[in-house]
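A.B. asks: Here you go, one structure.
The values are calculated or read from the model by the stated rules, or taken from the named source; none is laboratory data. What you are looking at is a predicted structure, and each value in this text was computed from that prediction instead of being measured. All Cβ positions, even for glycine, are placed from backbone atoms using ideal geometry, and neighbour counts span all protein chains on display. Surface accessibility is based on the protein's heavy atoms, side chains included, excluding ligands, DNA and RNA. Shrake-Rupley method; radii C 1.70, N 1.55, O 1.52, S 1.80 Å.
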Amino acid sequence: MSHKYVYLFSEGNADMRALLGGKGANLAEMTNLGLPVPFGFTVSTEACTRYYQDKQTIAPEIVEQIEAALAITEKSAGKKFGDPANPFLVSVRSGARASMPGMMDTILNLGLNDETVVGLTKLTNNERFAFDSYRRFIQMFSDVVMEVEKAKFDEIFEDVKHSNNCKLDTELNAEQLKDVVSRYKALYRKEKGSEFPQDPRVQMMEAIKAVFRSWDNPRAIVYRRKNDIPSDWGTAVNVQSMVFGNMGNDCGTGVAFTRNPSTGEKKLYGEFLMNAQGEDVVAGIRTPSTIDELKSTQPEVYRQFAATAEKLEQHYRDMQDMEFTIERGRLFMLQTRNGKRTAAAALQIAVDLVSEGMISKEEALMKIDPRSLDALLHPTFEPKALKSAKAVACGLPASPGAACGRAYFTAQDAIEAAGRGEKVILVRLETSPEDIEGMYSSEGILTARGGMTSHAAVVARGMGTCCVAGCSEAAISERDKTLKFACGKSYKEGDWLSLDGSTGNVYGEALPTAEAQVSGNFATIMQWADEVRTLHVRTNADTPHDAEVAAKFGAEGIGLCRTEHMFFDESRIPAMREMIVSKDEASRRRALGKLLPMQRGDFKGIYKAMGGRPVTIRFLDPPLHEFLPTEEADIRALAQEMGLTYEDLLHTVENLHEFNPMLGHRGCRLAVTYPEIAEMQTRAVIEAAIETRQETGFEVVPEIMIPLVGEAKELEFVKNVVDETAKTVMQERGVEIPYLVGTMIEVPRAALTADKIAEHAQFFSFGTNDLSQMTFGFSRDDAGKFLDEYYKKKIFESDPFARLDQEGVGKLVKMAVELGKSVRPNIKLGICGEHGGDPSSIEFCHNVGLNYVSCSPFRVPIARLAAAQAKIAEKK
Ligand code: PEP
Ligand code: MG
């Protein structure tokens, strides 16, 4: 028997998600639970992978299996595909293993043609319904399968509505819809040079292929990269008997959640539209009714739906997102899945499910996507500014948070503006999957159309991006790039707007934002995470302020203080530059003398903010191109300050120019050349620690970290300078304090010779930014320019500077851990590259036995949760 590629719903279950996709697996599960699910079958994800292996064709054996499943489905419906007397119609829908909202496309009413539409009319005695279904099918099929632009059909539809004085689609009668159908077919003929396909079997196979193709469209590729979904998973295809929500006023279609996806409140939440089909609810063509209204209009259907929702939530032990259709007063379930939710709702639901006894704390922790916490930690508007600001309009509070930026009206403009470093508010009539990248580039999204389950709302919530949707007071012209509110105020491209995604308010000005407050459920979840995890979480912080923020988020210490970053400030950079351009030791010492008190002061602030927790101070590592003056005015000012001529200094700056500054005179190479730099820094570290100990009683044990070491003797040399200076300072002050000296492992040679290096290092911290840069040989500053091509050509699935390359760079990390421990079993191990805040990389760090990860302050909670999840996953 050949391999099985096609499964009837009755043959699957929820555990077969990898094979049947989320939608297929859950349709099967609901079928097994005895819920009213229209009969159908799933073409597996393996068939999708095979489709690509077979050069985008469906193998005959798979076609055979599809035919066989179709025959059984026809039989159960008592109808036949293409039978004019009793036509069988299906929906064709995609369904990957992980839900990919808006990525894949749905086709309804497949099987209709010029003959079966007449049959459907006779059978239902409802010509209006039959032609409404046909016009929808022609549009969906042409758009999704044949790539005829949807907007061209919309134009015809709007035109017919307009010339018949109709506002809503439901006002069109059968004759008018027939007119729509013939104009649609003419459009198809014109665009494709052939008639609209009439054979239902051809329609079905083409639709299945289109779903497979859509797995690889550019939108899907971007979505997968952002969400860590491997490209070899493929998508399944679900073929299902049609039920109709557009047969009349006792019919309808809707979407609902068992709990509120914005707040987590335990209450059925959703929207439906009577006499409607498929995407109508989410596309915002009419204003939907709330699910509560169903209670009064169709109490029996409501009761049945509420009971089904409850049953599904109990069964899946999680909040469900369901799609349903009512056909002539009968309820059908078309989909259920664990619902997407805001971060706030995710915490509320997790905490509630534990207190309701439905799940354990560990299960609750596993339900929360650590990356989603970001949204909770993002700023809100400064209360004072908000109080005095007046909203110019109000839409739906579709995705919480506060956003402020300049208005851009197309995804492309948004991407370009963000690329220039601008903050962007994307303003659209409604969004579609084509807008995804633009949405990612934006601080906030404003749409004029659509409800709480519209594309903009669902996708923005998933991204954790602030969104105000369905702002009907906004008249938007995407062509003219203008926005006019009902209050009379108008705005053009580049004007400032502020959005409050929690209230739906829109402000026509730039409002200052305030830091997020962490409390309540957040604290509960963090506490549960802390109880479980064994990996410590530190932060990368360069200033006392960052250290304070990070401490509030639960940082257990500082894993990286980039001391050169303490001099980015305009008032401080001259002293740093002076040090860099000094030509002799005396002038360098003079400049260092200016830096010393600044550093000492900052270190004290940081030690105090950390209250005695460990603080790792990384010695100067300034890639020269980031620090050398380039502007003439800066060079002149510095020359004056140093008592040099402009030409003289310019000459020095030119001499210092490097071709590869990232591989240049930076890190410990500076301290090797100019030991006085390490002397000054050691003095600042130790003096600050002594003073902080005296002033606060905190037992500060500074950890001095030497960067860019690739050879044990480099470290040995700098460590000697550190130890000598520390000894002198302690003698001067008459106290002895403990301190550690360690190194970063960020040059591949350091990883390869970590045993030798460990002889001189009390700790290792993996600098995976440089380690990735040097392992791949990709410049950190330039890789962005070509990595896009790597994603498109599937050479890379993710950015190696964001997500640790476990196969290559990870191998070096593992090797260094083992070599380091072989010489110094108790060596302290951490990571301080950007990867320290990335959940999948954190899991790797846990598994290779690091003691801590260190990440930027706002990622600390993400790391705490990810570390807990790594521990829980390890136990399984
Ligand atoms: C690193 O290279 O990973 C690191 C943390 O140092 P920097 O980013 O400052 O080079
Ligand atoms: Mg580095």
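A.B. asks: Relative to the compact globular guide of 2.2 N^0.38 Å, what is the alpha carbon radius of gyration of the chain, as a ratio?
C.D. replies: After normalising by residue count via 2.2 N^0.38 Å, the value is 1.09.
A.B. asks: For the chain, what proportion of DSSP beta bridges, expressed in % and rounded to the nearest 5, is antiparallel?
C.D. replies: 60 percent
A.B. asks: Which lysines have a Cα lying under 18 Å from the Cα of K152, excluding residues fewer than 8 positions away in the same chain?
C.D. replies: The reachable lysines, counting only those whose Cα sits under 18 Å from K152, are K161, K178, K185, K190, K192.
A.B. asks: Sort the following peptides by mean Cβ neighbour count (other Cβ atoms within 10 Å, averaged over residues), highest first: 37-48, 467-478, 179-190.
C.D. replies: Working: 37-48: 25.2, 467-478: 21.1, 179-190: 17.5.
Final packing ranking: 37-48, 467-478, 179-190.
A.B. asks: Evaluate the distance, in nm, between pseudo-label points positioned 7 Å from the Cα of D83 and of K266 along their respective Cα→Cβ axes.
C.D. replies: So the label points at D83 and K266 sit 4.8 nm apart.
A.B. asks: Please list, ordered by chain and number, the residues whose modelled amide H lies under 5 Å from the amide H of L334; skip anything fewer than 5 residues away on the same chain.
C.D. replies: It is E323, F324, T325, by chain and number.
A.B. asks: If each of K785 and S194 carries a label point 7 Å out from its Cα toward its Cβ, how far apart are those two points in nm?
C.D. replies: 4.5 nm
A.B. asks: Leaving ligands and nucleic acids out of the surface, order H565, H657 by accessible area at 1.4 Å, largest first.
C.D. replies: H657, H565
A.B. asks: With angles folded into 0 to 90 degrees, how steeply does helix 200-214 sit against the dominant principal axis of the chain? Use alpha carbons for both and round to 10.
C.D. replies: The angle comes out at about 10 degrees.
A.B. asks: Right, another one. Can you list the residues, at least 5 places off or on another chain, whose amide H is less than 5 Å from the amide H of N505, using H built in the peptide plane?
C.D. replies: Distant-sequence amide H within range of N505: G395, D500.
A.B. asks: For segment 468-540, with only Lys/Arg (+1) and Asp/Glu (-1) charged at the beta-carbon, what is the dipole magnitude about the Cα centre, in debye rounded to 20?
C.D. replies: 140 debye
A.B. asks: What is the set of long-range amide H partners of V615 at a cut-off below 5 Å, with H atoms built 1.01 Å from backbone N?
C.D. replies: Amide H neighbours of V615, under 5 Å, 5+ apart: I558, V701, E703.
A.B. asks: What does the accessible area per residue of the chain come to in Å², with a 1.4 Å probe and no ligands, DNA or RNA counted?
C.D. replies: Roughly 40 Å² per residue, with all protein chains present.
A.B. asks: With θ taken as phi - 60° and the coefficients 6.51, -1.76 and 1.60, list the Karplus ³J(HN,Hα) couplings across segment 787-794 in order, rounded to whole Hz; mark glycine and proline as x.
C.D. replies: For segment 787-794, the Karplus-derived couplings read 4, 3, 5, 5, 5, 4, 8, 6 Hz, x marking Gly and Pro.
A.B. asks: Next up: How large is ³J(HN,Hα), in whole Hz, for each residue of segment 863-876 in order, when computed from phi with the Karplus curve 6.51 cos²θ - 1.76 cosθ + 1.60 and θ = phi - 60°, using x for Gly and Pro?
C.D. replies: Each residue of segment 863-876 in turn: 5, 5, 5, 4, 5, 5, 4, 4, 5, 5, 4, 5, 6, 6 Hz.
A.B. asks: Any chance you could run the full-extension gain for S355 through N660? It's 0.36 nm times the residue separation minus the Cα-Cα distance, nm to one decimal.
C.D. replies: 104.1 nm
A.B. asks: Still on this structure, I have one more. On full extension of the chain, what length is gained from A98 through E171, given 0.36 nm per residue of separation minus the C-alpha to C-alpha distance?
C.D. replies: Between A98 and E171, full extension yields an extra 22.4 nm.
A.B. asks: Output the pairs from K594/K719; K367/K552; K390/K484; K55/K209 with a Cα-Cα distance over 19 Å in this structure; if there are none, say none. Kindly include the intermediate steps, with their values, before the conclusion.
C.D. replies: On the way: K594/K719 23 Å; K367/K552 24 Å; K390/K484 16 Å; K55/K209 12 Å.
Distance filter (> 19 Å) returns K594/K719; K367/K552.
A.B. asks: Picking from M274, T235, T290, whose Cα lies most toward the positive end of the charge dipole for segment 163-319 (charges on Cβ: Lys, Arg +1; Asp, Glu -1)?
C.D. replies: Highest projection toward the positive end goes to T235.
A.B. asks: Share of the chain's accessible area from carbon and sulfur, percent, 1.4 Å?
C.D. replies: Values: 17520 of 35430 Å².
In the chain, the share of accessible area belonging to carbon and sulfur is 49 percent.
A.B. asks: Test of understanding: what is the full-extension gain from T696 to T49, defined as 0.36 nm times their sequence separation minus their Cα-Cα distance?
C.D. replies: Values: separation 647, 0.36 × 647 = 232.92 nm, distance 6.32 nm.
This chain segment gains 226.6 nm when fully extended.
A.B. asks: Sticking with this one: Report, to the nearest 10°, how far helix 712-733 tilts away from the longest principal axis of the Cα atoms in the chain, using its own Cα long axis and a range of 0 to 90°.
C.D. replies: 60 degrees
A.B. asks: Which whole-number percent is the relative contact order of segment 432-561 (Cα, under 8 Å, 6+ apart)?
C.D. replies: Values: 153 pairs, mean separation 17.8, N = 130.
Taking the mean separation of contacting Cα pairs over the length of segment 432-561, I get 14 percent.
A.B. asks: Quick one: dipole size for the chain, taken about the Cα centre, charges +1 on Lys/Arg Cβ and -1 on Asp/Glu Cβ, in debye to the nearest 20.
C.D. replies: So the dipole magnitude of the chain works out to roughly 1460 debye.
A.B. asks: Related question: Give me the dipole magnitude in Debye, nearest 20, for segment 729-838 about the Cα centre, with unit charges on the beta carbon: positive for Lys and Arg, negative for Asp and Glu.
C.D. replies: On the way: 14 positive and 17 negative charges, 56 e Å.
It works out to roughly 280 debye.
A.B. asks: Shifting gears a bit: Would you mind checking the tilt of helix 646-656 against the longest principal axis of the Cα atoms of the chain, expressed as 0 to 90 degrees and rounded to 10?
C.D. replies: Long axis of 646-656 versus the principal axis of the chain: about 70 degrees.
A.B. asks: Using helices alone, I'd like the mean residue ellipticity at 222 nm for the chain: each DSSP H run of four-plus residues gives -39500 (n - 2.57), total over residue count, nearest 500.
C.D. replies: -14000 deg cm²/dmol
A.B. asks: Can I ask one more? Using +1 at the Cβ of each Lys and Arg and -1 at the Cβ of each Asp and Glu in the chain, identify which of V549, L347, L663 lies farthest towards the dipole's positive end.
C.D. replies: Farthest towards the positive pole: L347.
A.B. asks: Go through segment 801-818 residue by residue and turn each phi into a ³J(HN,Hα) via Karplus (6.51, -1.76, 1.60, θ = phi - 60°); whole Hz please, and just put x for glycine and proline.
C.D. replies: Whole-Hz 3J(HN,Hα) from phi for segment 801-818: 8, 9, 10, 4, 6, 5, 5, x, 4, x, 4, 5, 4, 4, 4, 5, 4, 5.
A.B. asks: Just grab the label-to-label distance for S432 and E585, each label 7 Å out from Cα along the Cβ direction, in nm (one decimal).
C.D. replies: About 7.1 nm separates the two model spin labels.
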